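One structure is given below, encoded as structure tokens.
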Amino acid sequence: MSFEEYAALARQLAEHRRAGERDAAAESERRRDLHAAADYLHQRLTAQGHRLDQLGRAIGVDQPPTGPPPAPAGDPAAWPGPPAGSGSPVAPGSPAAPGPPVAPGSPAAPGPTAASGPRDGRSAGAAGVPGRAGVGAYPELPAVHASLALPTAVSPAGAGVPAQRAAAVDPVVELEMARRMADEADRHGQQAELLAQRPALLPTWSPLARAVAVYAACGAAAGVLMLILVVASGVGIVDGFTLGAWICAGLPALAFFGGYLVLGRWGRPAMVAGTPPRYLPLGFLICFLLVPLGYCAYLLLFRALR
């Protein structure tokens, strides 16, 4: 081999080494990116979990209680069996069938027979050894344990072949799917927060319009009570001083405090920073003007109809 061939071989080896280093660097960079993306998704999911807990506490929904862990598959207590008192007979020869003890060497003692092994003349394995009649080469599972057997895939080449394992998933694809699901969870979380920031009473109205409507409704209810008092005063049940006191102070105060309590109970959003405004001066003005003005309108209407 000449010097030029040695030099060409050395250059080829150096190129292969540089390509291997580049591939190793690219794989290391890819792994770092995957770890960074996984950490970022973990932080996002943790923040989403805390936010969902806050939303649940705000709307009064507690976390569901965790049930008892399932029993392991190897626990004999978890295996199904016949119910107590069912009276189902136990098959003779089964592991659960009781029987009287038999002394070794007696005529009733079991011994190696032709039925203990295959009938084609071949050896029965460990089951055919004298003195080891209880040992079977391929013991059969009882019917109650048949559901615990491993799943097998039926193929035309041969039955009883174990099922193939699932193909390995691409971590990049899985992280992208997790990121999309996290984005979808953020979108639904924002919608839930918008709904939680609306009160149960007139949710689409502005706070000022809601307060005006509530105080006006309470004032209208006080006006109905005022009409009842006027009728009672006309028949002599209520005197004039009591009627005037209720119209000027009692009923407006009841309407004001009623509107204040209604706004505090049903006009407060589930999630809000601080106390929502209740517009106390506006409510006081509406309630203490609406009832006396309603009484004056009633007097004018009564005189006009006379």
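Values in this text are rule-based calculations from the coordinates and carry no lab data. Everything numeric here is computed off the predicted structure, so don't read it as measured data. Reconstructed Cβ throughout: ideal geometry from the backbone, glycine too, with neighbour counts over all protein chains shown.
What to note about this one:
- Here the residues Trp246, Trp266, ranked from fewest to most Cβ neighbours within 10 Å of their Cβ, fall in the order Trp266, Trp246.
- Listed values for the range 180-196 are Karplus-derived 3J(HN,Hα) couplings in whole Hz (6.51 cos²θ - 1.76 cosθ + 1.60, θ = phi - 60°), namely 5, 5, 5, 4, 5, 5, 4, 5, 5, x, 5, 5, 5, 5, 5, 5, 6, and x replaces Gly and Pro.
- Sequence of Cys296, Cys287 once ranked by neighbouring C-beta atoms within 10 Å, starting from the fewest: Cys296, Cys287
- Working note: Karplus 6.51/-1.76/1.60 with θ = phi - 60° gives the range 210-222 the couplings 5, 5, 4, 5, 5, 5, 5, 5, 5, x, 5, 5, 5 Hz, where Gly and Pro are set to x.
- Backbone HN-Hα couplings from phi across the range 44-57 [Karplus 6.51/-1.76/1.60, Hz, Gly and Pro as x]: 4, 5, 5, 5, 5, x, 5, 5, 5, 5, 5, 4, x, 5
- For Val238, distant residues with modelled amide H under 5 Å away: Ser233
- Val235, Val224, Val230, Val272 arranged by Cβ crowding within 10 Å, fewest neighbours leading: Val235, Val224, Val272, Val230
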